[in-house]
1. Find how much the distance from Asp145 to Ser122 grows on full extension, using 0.36 nm per residue of separation minus their present alpha carbon separation; answer in nm with one decimal.
2. Search the structure for amide H atoms under 5 Å from the amide H of Val130, placed 1.01 Å from N in the peptide plane, and list their residues when 5 or more places away or on another chain.
3. Tally Lys and Arg at +1 and Asp and Glu at -1 over the other residues with C-beta under 12 Å from the C-beta of Thr77: what net charge comes out?
4. Go through Lys163/Lys193; Lys75/Lys178; Lys82/Lys178 and tell me which ones have a Cα-Cα distance over 25 Å in this structure.
5. Among 152-164, 122-134, how do they line up from the highest to the lowest mean number of other beta-carbon atoms within 10 Å?
6. Can you give the alpha-carbon Rg of the stretch 72-206 over 2.2 N^0.38 Å, where N counts its residues?
7. Summing Lys, Arg as +1 and Asp, Glu as -1, what charge do residues with Cβ under 12 Å from the Cβ of Leu148 carry, Leu148 excluded?
Amino acid sequence: MSKFKKWGQALAPFLFSLVFVKFAYSFYEYATWHAPSASSYHFRVETFSDKVVLVAENNKTEYNGIRMLYNVIKKFTGDENKAYDIACSVYYWSWRRNISPILMLAIVAQESAFDDEAISSSGAIGLMQVMPFWAAIYSNEFGIDVDLRKIDDNIMVGSYVLKYYMDRSRSVVDALQKYNASYLSSNAYRYPKRVLRYYRNFRNMIYD
């Protein structure tokens, strides 16, 4: 038996174990992801700008939800008005997409550190680092103008992209890999781990 064949036989169990560990990690992250359901949130008006005002003034539960998000965001930005705008937008679009608002905050933290003017070297824009072609797809599908430099528009389209991948993925880790376009790269598991670390930290900040 050749030396290379012996090495191959010796390495086979190790490689199988590595694949199994990666699969087990994906399953663990999915199984232990206990996000609050955004479907429990209730809004009573249709226009987004009105909705932000009415949620803040007329419903204690929804006001408290926005306030909890705001308290997290303001630790990252010194602009209280901007922190409130982000909190309102994340709260609203998380409900519309049925996505955890804490997960969306975690993605914003990882992608842009809550900098709505961030632009990556690849051309991704804003809080959720959305590529312009997604804005074009969204604009064509819904017949509206989209400006990714605006907080509301960026989170609107970013949440749409995230929901698109979550509906087509077997786990949260899988969806995050696709959102970051790191599915087949060396960053495939680092990005989800960072986002989920933010998620756990924010969840603890909100509920402790």
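1. Separation in residues times 0.36 nm, less the Cα-Cα distance, equals 6.1 nm.
2. Those qualifying (amide H under 5 Å, at least 5 residues apart or on another chain) are Ile125.
3. -3
4. Table pairs above 25 Å Cα-Cα are Lys75/Lys178; Lys82/Lys178.
5. The most tightly packed comes first, giving 152-164, 122-134.
6. Dividing the Cα radius of gyration by 2.2 N^0.38 Å gives 0.98.
7. Net local charge, Leu148 excluded: -4.
No lab work stands behind these numbers, since they all come straight from the coordinates. Given the structure is predicted, the values throughout are model-derived calculations rather than measurements. Glycine also receives a Cβ, built like all others from the backbone with ideal geometry; neighbour counts cover every protein chain displayed.
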